[in-house]
Amino acid sequence: MEANLEAMAGSNPVPDDGVSVHAGFPNPAADRRKWGVKLSLDFNQLLVKRPSSTFVFRIVGHRYADHGIFDGDIAVVDRALPPRDSDVVIRWLEQGFELKRFRQLENPNEAWGVVTAVVHQYER
């Protein structure tokens with residue numbers, strides 16, 4: 001197993017974000033033995049840049065399915081991030097939160113937070 005991991009790391013470097021796909025069961029101790037391949041993933045580290053201003057929401061509805069956001073998905077929202085025209089944001093209405101494209105808001109101050117990631121459950 002050690003030779004396979006070294007060869008894999010030498011011939012096909014792991015991306016900077018540490019994300020990789022393995023075809024088989026990797027050695028769970030590999031990231032502790034300094035082989036240069038980090039196998040563990042921490043979703044907080046990958047998806048949350050500012051913990052004190054980050055919230056998660058469960059998406060309900062199919063309105064943004066054409067944007068890849070589906071019913072039951074989890075949206076990661078950062079309140080400290082300034083929104084841009086192309087961003088999907090969450091805004092607060094009297095009946096609750098709603099997803100909206102930032103450029104479609106009548107009042108830019110309606111943006112409660114910017115959607116920075118969406119976790120989608122893969123189903124066959």
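Rule-based calculations on the coordinates, nothing more; no lab input. Since the structure is predicted, the reported quantities are computational estimates derived from the model, not experimental observations. Here Cβ is always computed from backbone atoms with ideal geometry, including for glycine, and neighbour counts include all displayed protein chains.
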Seminar exercise, completed: When Tyr122, Tyr64 are arranged by how many other beta-carbons sit within 10 Å of their Cβ, fewest first, they go Tyr122, Tyr64
Exercise. How much space per residue, in cubic angstrom, does the convex hull of the C-alpha atoms of segment 47-119 take up?
Worked result: 91
Problem set entry | Whole-Hz couplings from phi, Karplus 6.51/-1.76/1.60, listed for segment 79-93; x for Gly and Pro | 7, 8, 7, x, x, 10, 3, 7, 6, 8, 10, 10, 10, 9, 10
